[in-house]
Amino acid sequence: MSSVSEVFGSMVFNDAVMREKLPKDTYRALKKTMKEGRSLDPNVANVVANAMKDWALSKGATHFTHWFQPMTGITAEKHDSFISPTGDGGVIMEFSGKELVRGEPDASSFPSGGLRATFEARGYTAWDPTSYAFVKEGTLCIPTAFCSYGGEALDKKTPLLRSMEALSRQAVRVLRLFGHDEVKKVFTTVGPEQEYFLVDKQMFDRRKDLIFTGRTLFGARAPKGQELEDHYFGSIKPRVKAYMEELNQELWKLGILAKTEHNEVAPAQHELAPIFTTTNIATDHNQLTMELMKKVALRHGLVCLLHEKPFAGVNGSGKHNNWSMSTDTGINLLEPGSSPYENAQFLLFLSAVIKAVDEYQDLLRVSVASAGNDHRLGANEAPPAIVSMFVGDELEGVLEALESGAAYDHHENQVMSIGVHTLPKIPKDSTDRNRTSPFAFTGNKFEFRMLGSTFSISGPNVVLNTIVAEELRQFADELEGAQDFTAALQELIVRTVREHRRIIFNGNNYSQEWVDEAQRRGLANLKSTVDALPCFVAKKNIDLFTTHKIFTQAEMYSRYEILLESYNKVINIEALTMLDMAKKEIGPAVTTYVRELCDTVIAKKTIGIDELAEQTIAEKIAKLESCFYKKIASLEDALCRACGKSDALALAQYSRDTIIPAMQELRAVADELETNVAEDYWPMPTYGDLLFGV
Ligand code: ADP
Ligand code: MG
């Protein structure tokens, strides 16, 4: 095997490759375009395309595709081969600048939330030159944005790029005030930690619920779960280790900085974390990571489950979105620094985040809302549905002192004055971090912990970038006009902390006391997806996104529609899958077992045995069985009544209030049956098989 440094990025048309393969002036023109975000000159595009094609052919590629991220949350590709007929019966391999820059995938079946009428259904894709092209499975993939002909975003990439622009614009204004004229651009950076489960493929194939919905809809608890905490960070089993090694190789080839891997809390649960990078690249990379996790698993006879809650009773899977802002000169703006001057700038950016999270709690909550994530948030394994922030004791002390004007350092009796005094050391050590907070400051970045494991990280980062951009805009507006900058800065920070202090909570987010306290503080508690989604189109949020040109109002409504529809579809598929399994698999299995018991009872009676334990069991199961069929009928009835609802929000509310409870009741009886039916009769692998079978 070649060394990691040779493998790393070997399938990526990255900067080093461009410099080597492109004529000097083409390279320079391309870099300029990438830096300034303008469109590529057609002549330059032709040269780049040709070099890219030659490179891709040398990597074994035969096809190319515009690789994009439609609203389905996964990636899409439509392959075209490079071949072009020569007229003498042969072919040559061709790839033009036009094909590189713009594609027309005729992708009319992707969700558009009403943005496209079918007669103008074709969208187009446009190259995002800030994200490198790569070769995956014999295809040159060109990362692109996906838009309608009217220019409306139909994907998850376009608004992300727009939000990064918006944040950069405002952050650069603020940095000017601190004299940083050298900074031309500010990037947000993200490192997403990805959790997942691995199960044996043969067992997976025997569970329709896993096949159709990605999670188990039935299943009694195994005698053992995660209570011994013996899996977390435990030694990795050989089969899993082999999987992780191959996965790393595949990720490294694509230039993905896969760094950490370990076992997670639940049995069969694992985590992979990359080193952070620029947000749009991190988003592309996380999509590729999820795709490869699934593909590589199959090569090992495994299936990778990315669902937020594959198993009841053990932890589900999330994704921690570590987020910060960094200048093009390499300065992390959430690094507290060591001089009073650096500290002042840090405190201003920190205040912007505090104000943003408080004012747009609802949007952050919406950005992590899904049917799957509803099983986690607030279930004592993930942060609650209430958004709050953890800043740690040291910063808390500073903020308190700033707010009250009191001494923050009791030993020196010093009153904190911005731009004069230095902050205490803020530890980056992870040991004393609050693990229950949905949004935690971890030394030089924030960790947004509410994302579900299947999520594209685009949505949450669009929100984060935009809400912070908005606060920075307000700050810049205010400070640009100030006579005495330091005094105005001090006043602004103190006022911001005072007004938005309620969002800061350093205690245990899993406790009931916090739920009560949050209510007293007036924080939002949007318990389910259905509660959260309508907030997306609240006036203040439409104003926010339209002001910063992230979404038009039409784009927002289309996204709202898509999210509601997707919630309704997920619940419907789950309910239908349950009915299918209940009627075709579980019911008949129970019947067979009861018959076996009854036959035994009759046989015993004919030869005069009057110890009839089987009769007691048969009676118990028969009772459960009749209850089971009643629950099937109730769920069927609930689904029938759903058919009449044409309004997406009304249907979602109905799903939450009627269909989901009916599903839960059916499951409860089925799980009770499972514990009473002999193993040989149960028609599918159990929790014990799935969770401990690898
Ligand atoms: P843990 O949360 O498990 O203690 P770390 O603190 O080392 O782990 O980092 C978690 C993730 O945060 C990693 O993906 C890391 O690359 C990322 N990270 C570190 N610094 C930044 C930053 N400035 N911006 C964004 N992500 C970061
Ligand atoms: Mg973490």
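The values are calculated or read from the model by the stated rules, or taken from the named source; none is laboratory data. Given the structure is predicted, the values throughout are model-derived calculations rather than measurements. So basically every Cβ, Gly included, is an ideal-geometry build from the backbone, and we count neighbours across all protein chains shown. The protein model used for the area step is the full one, side chains on, heavy atoms only, and it has no ligands, DNA or RNA in it. Shrake-Rupley method; radii C 1.70, N 1.55, O 1.52, S 1.80 Å.
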Failed criterion for residue 383 (all others in (1) at pLDDT 75 or above; (2) not in a loop (DSSP other than H, G, I, E, B) hold)
(2)
Condition first: more than 23 Å from residue 299 (Cα to Cα) and of a type in the set (Val, Ile, Thr). Now tell me which residues in region 186-215 satisfy that.
186, 188, 189, 190
Inspect region 244-261 for any residue being basic (Lys, Arg), modelled with pLDDT of 95 or more and not assigned by TED's automatic domain parsing to the domain that holds residue 134 and give the result as yes or no.
yes
Within region 267-288, the residues that are assigned to a helix (DSSP H, G or I) and within 16 Å of ligand 2 (Cβ to nearest atom) are 282, 286
Condition first: assigned to a loop (DSSP other than H, G, I, E, B), surrounded by fewer than 22 Cβ atoms within 10 Å (Cβ to Cβ) and within 16 Å of ligand 2 (Cβ to nearest atom). Now tell me which residues in region 316-344 satisfy that.
334
Looking at (1) β-branched (Val, Ile, Thr); (2) away from ligand 2 (no atom under 16 Å from the Cβ); (3) within 30 Å of the chain's Cα centre (by Cα), which one does residue 494 not meet, given that it meets all the others?
(3)
Across region 437-458, which residue is farthest from residue 306 (Cα to Cα) among those that are within 12 Å of ligand 1 (Cβ to nearest atom) and part of a strand (DSSP E or B)?
441
Report those helices (runs of 4 or more DSSP H) wholly inside region 510-616 carrying at least 1 residues which are over 26 Å from residue 662 (Cβ atoms) and over 28 Å from the mean Cα position of the chain (by Cα).
512-521, 587-606
Considering only region 298-309, I want to know if a residue exists there that is buried (at least 20 other Cβ atoms within 10 Å of the Cβ) and either part of a helix (DSSP H, G or I) or within 16 Å of ligand 1 (Cβ to nearest atom) (or both).
no
If you scan region 239-257, which residues turn out to be without any contact (Cβ under 8 Å) to a residue 40 or more places away in the chain and open to solvent by 10 Å² or more (accessible area, probe 1.4 Å)?
241, 245, 248, 257
Taking region 475-495, which residues are of a type outside the set (Asp, Glu), without any contact (Cβ under 8 Å) to a residue 60 or more places away in the chain and in a helix (DSSP H, G or I)?
487, 488, 495
One residue is enough: does region 496-513 have a residue meeting the conditions farther than 18 Å from residue 403 by Cβ and crowded, with 19+ Cβ neighbours inside 10 Å?
yes
Looking at (1) in contact with a helix residue (DSSP H, G or I) (Cβ under 8 Å, 6 or more places away or on another chain); (2) modelled with pLDDT under 95, find the lone condition where residue 644 falls short.
(1)
